[in-house]
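The values are calculated or read from the model by the stated rules, or taken from the named source; none is laboratory data. Given the structure is predicted, the values throughout are model-derived calculations rather than measurements. A quick note on method: Cβ atoms are made from the backbone with ideal geometry, for glycine too, and the neighbour counts reach across all protein chains shown.
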Amino acid sequence: MIEHAQCYNWAASENQRTAFDTLVGAYPQGGCMKLTAQDIADVARLSRLELTEEEKETLAGHINRLLEHFEKLQQLDTEAVEPTSHVIPVFNVFRKDEPGESLPVNDVLANAPDVADDCFVVPRVVET
Amino acid sequence: MAEYEPIIGMEVHVELQTRSKMFCSCEVAFGGEPNTRCCPVCLGLPGSLPVINEKAVEYMARAALALNCTILPQCIFHRKNYYYPDLPKNYQISQYDYPLGVNGWVEILAGGRSKKIAIRRVHMEEDTGKLLHVSGNRSYVDYNRSGVPLMEIVTQNPPPEGLDQIESAEEAREYLQRLRQILLYLGVSDVKMEEGSMRCEPNVSVRPKGQSEFGVKTEIKNLNSFRAVYLGVDYEIKRQIRVLEQGGKVVQETRRWDDERGVTVPMRSKEFEQEYRYFPDPDLVPLRFTEEWIEKLRSELPELPLAKLKRFMSDYGLAQADAEVLIDSPDLAEFYDACAVGYKDPKAVANWITTELLRLLNATGKKLNETKLTPTHLCGLLELVDGGTINRNTAKAVFEEMFTTGKTAPEIVRQKGLEQVSDEAAIESVVNRVLDANPNEVKRYRAGEIKLLSWFVGQVMRETKGKANPATVNKLLREKLES
C-alpha cells in the first residue's frame with residue numbers, strides 16, 4: 001500500500017501534491033484478502049495455465065498462507081518509511097539514444113513456430 | 001423528444017522519433033523488410049535486459065510539460081500482462097499508477113469558444129509488433145515496431161474544475177489536430193496518422209441533456225485520418241442517439257470504423273474490463289526527476305502553435321484562416337515570421353506564402369527546407385512589386401525562379417530584363433499598334449462590348465512580354481477607345 005502522505009516527502013510543489021492525490025484516488029492500491037478457488041481459476045486462465053480442480057484448491061491454500069504473512073507485515077507502522085518501488089536503491093539507469101546492430105533475420109525467426117516471407121506465422125487472430 | 005449531448009474521450013498513442021527503440025538499441029524507422037530491426041530485448045527472449053532510452057524519456061517529459069501536465073518527481077514502469085501475438089513478451093512495458101505526467105490540458109478554439117480539454121495522464125510505454133493479416137487462417141507478424149517508444153495521452157471526463165471535455169466530432173478532430181501541432185513543434189514525433197505514428201481511439205457516449213451521469217460508451221478503432229476521426233465520431237453519436245430514440249440500449253463495445261461504407265460495426269463486446277495484472281517491472285529501476293531538470297525542460301519549450309496563432313493574428317493582423325495555414329507547419333510558421341518582421345505589409349507576405357509558396361511546394365512535392373528560398377529573398381521580391389519595378393504577374397514568374405534557383409529577385413529581374421515599363425510614351429506606341437491592328441474589335445468595343453477591354457490588355461501585355469504596368473495600360477486603352 002503506497003501511502004501518499006509519505007509521497008509528500010518528495011512531492012515538492014503544490015501541483016505535484018494535487019497530482020498524487022488524484023493518482024491515489026484513481027488506482028487500487030493493494031490490500032489483502034482471501035483468495036478462493038475461483039480467483040485461482042481466473043488468474044490461471046489469464047496466465048494460460050491449465051489446472052485441475054484439485055490443483056486449484058491446493059494452490060488457493062498455498063497463496064492464502066502467503067497472504068497471511070503479508071497481513072502480518074501490514075500491522076507494522078510504516079508511516080516514516082518511504083514506499084519501495086524497487087528492491088535495490090538505484091535510480092535513472094539510462095542508455096544513450098544510439099542505434100546499434102539488430103539480429104540477422106534468420107536468428108530472429110529461429111524460434112518461430114512457423115515462418116513465411118520473413119514473418120512469424122501464427123494462427124489467424126481477430127483484430128483488437 | 002429528448003435532446004442528447006455527446007461526450008467524447010480520446011486515447012491517443014504517439015510513436016516517438018528517437019533513433020533507437022525504448023529499451024534496446026534496435027533502430028526506429030518506418031517500413032523496411034520485416035523482422036530486420038529486432039534483438040533479444042524487443043523479441044522478449046529469456047535473459048535479456050531492457051535499458052531505458054534517455055532521449056525518449058526527455059521527449060515525453062517535454063511533451064507532458066507542453067500539454068500542461070504536472071511531472072511527478074518519481075515514476076516507475078509496470079508490466080501490463082496479456083496474450084496476443086503482436087506482443088512477444090506476453091506483457092507490454094507501460095506505466096500504471098505512477099505515470100510521467102498528470103492533470104494537464106490542451107486548448108482548442110472550438111469555433112471561437114476557446115476550451116481547455118482536460119488531460120488525465122501522459123505515460124510512457126513501448127509499441128507492439130505489427131500483425132499483417134493474410135488470407136486463410138494464418139496471420140503474419142513483423143516485430144520491427146515492437147519496442148518503439150510510445151507515448152499515451154488520455155483525456156479526462158468529467159474534467160476537473162476549470163477545464164473542459166470534448167463534446168462534438170468537430171471538437172474531437174480539433175483536439176487531435178492541436179495535439180499533433182504541439183508534438184510537431186516539439187520535434188518529438190513525425191505524428192503521421194496515415195503511417196500510424198499517431199493513432200487515436202475515441203470513446204463516445206451520449207446522454208439526455210441535463211442528465212449528470214454518463215451514458216454507456218463505445219470505443220472506435222481503425223481511424224486513420226483526421227477526417228476519419230471526425231466522420232467516425234459523428235456517425236457514432238448519431239447512431240447512439242438513434243438507438244436510444246428507438247427505445248433501445250447502447251451496448252458497451254469496441255466498434256470498427258469502416259471507411260468505405262462510412263459506418264461503425266461491432267468488433268467485440270467489452271462487458272468485462274480486461275484484467276492486466278499490472279505489477280512494477282523488476283527489470284527497470286525507478287526514474288527520479290529533479291525540480292531543476294523539469295524546470296530546464298520547461299524553459300526550453302518553444303513557442304507553441306496556438307500561442308503563435310494568436311500572435312500572428314494580433315501582431316500581424318492576419319485572419320484566423322490564414323494564420324492557421326501558416327502555423328500548421330513549424331517550418332512555414334518560422335519562415336513567415338522571419339518575413340513578416342522585416343516587411344511593412346505582413347498580410348501581403350501571408351498571402352504570398354499561403355498561395356504561391358504552398359502551390360509550388362505542393363506541385364514539386366518539396367519541403368520548405370529543401371528549397372533555396374529564404375525570407376530575405378521573398379521580402380526582396382515584394383519590395384520590387386511595391387516599388388513598381390515589376391508587376392504582380394511578372395513577380396509570380398520571378399518567384400518561381402527564386403524557388404528553384406535560389407537567386408534573388410533583383411538578380412533575376414536584371415538578367416531577364418523584366419523591369420516593368422511604366423513609361424507612358426513607350427506603352428502608348430504599343431497601344432496604338434494594337435488598336436490599329438484590330439479594327440473589328442475596336443468597333444465592337446465602341447458598340448458596347450466593353451468586356452473586350454481585358455482582351456486588349458492581354459494583347460498589349462503580350463507585345464510587351466508582360467512588362468507593361470497594367471494600370472497604365474488600362475488607363476491608355478480606356479482613353480483611346482472611349483475618345
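Select from region A:45-85 the residues that are of a type in the set (Gly, Ala, Ser) and part of a loop (DSSP other than H, G, I, E, B) and list them in ascending order.
A:SER47, A:ALA80, A:SER85
Identify, by number, the condition in (1) more than 30 Å from A:PHE94 (Cα to Cα); (2) under 23 Å from the mean Cα position of the chain (by Cα) that B:THR264 doesn't meet.
All conditions pass for B:THR264, except number (2).
Tally up the residues in region B:38-83 that are touching a Leu at 6+ places or on another chain (Cβ under 6 Å), facing chain A (nearest Cβ under 7 Å) and farther than 17 Å from B:SER146 by Cα, please.
0
Which residue pairs have Cβ atoms closer than 7 Å, lie 6 or more positions apart in sequence or on different chains, and pair a first residue in region A:69-85 that is within 22 Å of B:HIS78 (Cα to Cα) with a second residue that is at pLDDT 75 or above and in a loop (DSSP other than H, G, I, E, B)?
Listed pairs, sorted by first residue: A:SER85/B:ILE76; A:SER85/B:PRO286.
Can you run down the residue pairs with Cβ atoms below 6 Å, 6 or more apart or on separate chains, where the first is in region B:293-322 and farther than 23 Å from B:LEU176 by Cβ and the partner is basic (Lys, Arg) and crowded, with 16+ Cβ neighbours inside 10 Å?
So the pair list comes out as B:LEU297/B:ARG62.
If I filter region B:392-408 down to residues being of a type outside the set (D, E, K, R) and assigned to a loop (DSSP other than H, G, I, E, B), which single residue comes out as surrounded by the fewest Cβ atoms within 10 Å (Cβ to Cβ)?
The qualifying residue surrounded by the fewest Cβ atoms within 10 Å (Cβ to Cβ) is B:GLY406.
Write out, first by first residue and then by second, each pair whose Cβ atoms fall under 6 Å of each other, whose residues are 6+ apart or on separate chains, and whose first residue, in region B:370-384, is closer than 16 Å to B:ALA348 by Cβ while the second is hydroxyl-bearing (Ser, Thr, Tyr).
Listed pairs, sorted by first residue: B:HIS377/B:THR408; B:CYS379/B:TYR343; B:GLY380/B:THR408.
Filter region B:460-483 down to residues that are crowded, with 18+ Cβ neighbours inside 10 Å, assigned to a helix (DSSP H, G or I) and small (Gly, Ala, Ser), then give me how many there are.
0
For region B:322-344, give me the residue count where each residue is modelled with pLDDT of 90 or more and not in a helix (DSSP H, G or I).
Of the residues in region B:322-344, 2 are modelled with pLDDT of 90 or more and not in a helix (DSSP H, G or I).
Restricting attention to region A:90-98, does a residue exist that is at pLDDT below 90, within 21 Å of the chain's Cα centre (by Cα) and more than 10 Å from chain B (Cβ to nearest Cβ)?
no
For the subset of region B:377-391 comprising residues that are out of contact with any Cys (no Cβ under 6 Å at 6 or more places or on another chain) and of a type outside the set (A, V, I, L, M), which member is surrounded by the most Cβ atoms within 10 Å (Cβ to Cβ)?
B:ASN391
Take the residues of region B:27-37 that are within 10 Å of chain A (Cβ to nearest Cβ) and in a loop (DSSP other than H, G, I, E, B): which is surrounded by the fewest Cβ atoms within 10 Å (Cβ to Cβ)?
Applying the filter and picking the extreme gives B:GLU33.
Working only within region B:220-237, note down all residues that are modelled with pLDDT of 95 or more and more than 20 Å from B:ARG178 (Cβ to Cβ).
B:TYR235, B:GLU236, B:ILE237
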